[in-house]
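**Q** Handing you a structure now.
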Amino acid sequence: MAEKNYSYKNFNKTSVISSLNLIQHLAEKGLGVSFVYNSVPMSNKKLAVFRIKGSKISHEFNYVFLKNSKARGLMKKMADKIYTPN
């Protein structure tokens, strides 16, 4: 949105909801739109996907694990497999 000079402030009302189940329920009832992972509408036949012409939506993804754990190597391997540079 920032690329098109928009922000969340351009919306009349906004809410931050972390429950994907609640987000789906509200969208099913026609109570707004949401930016969610692609798997959410694909797993719910009542929802549809819309695309904004000329825009590509992405965000950072953080891996969190205990310091000095064996997870570091696994996380690195996973990140290397899915990371695609701009």
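**Q** Grab the Cα-Cα distance for residue 55 and residue 34, subtract it from 0.36 nm times how many residues apart they are, and report the gain in nm with one decimal.
**A** Details: separation 21, 0.36 × 21 = 7.56 nm, distance 1.57 nm.
Stretched out fully, the residue 55 to residue 34 stretch lengthens by 6.0 nm.
**Q** Pick from 54, 32, 73 the residue whose mean-square fluctuation is largest in a GNM of the chain, springs joining Cα atoms under 10 Å.
**A** 73
**Q** Could you list 25, 59 in order of exposure, starting from the residue whose Cβ has the fewest other Cβ atoms within 10 Å?
**A** If I rank by nearby Cβ atoms, fewest first, I get 59, 25.
**Q** Further question: Loop-only GluC sites (Glu not before Pro) in the chain, please: DSSP not H, G, I, E or B, and at most 10 other Cβ atoms within 10 Å.
**A** Working: sites: 3, 28, 60; in loops: 60.
Hits after loop and neighbour filter: 60.
**Q** Scan the chain and report its longest stretch carrying no trypsin sites (Lys or Arg not before Pro) that are both in a DSSP loop and have at most 15 other Cβ atoms within 10 Å.
**A** 71-86
**Q** Kindly provide the pair-distance distribution of the chain built from C-alpha pairs, with 5 Å bins from 0 and whole-percent values in order of increasing distance.
**A** Whole-percent P(r) values from 0 Å outward: 2, 9, 16, 17, 18, 15, 12, 7, 3, 0.
Just so you know, all these numbers are worked out from the coordinates, no wet-lab data involved. Computed from a predicted structure; not experimentally measured. We place every Cβ from the backbone using ideal geometry, glycine too, and count neighbours over all the protein chains shown.
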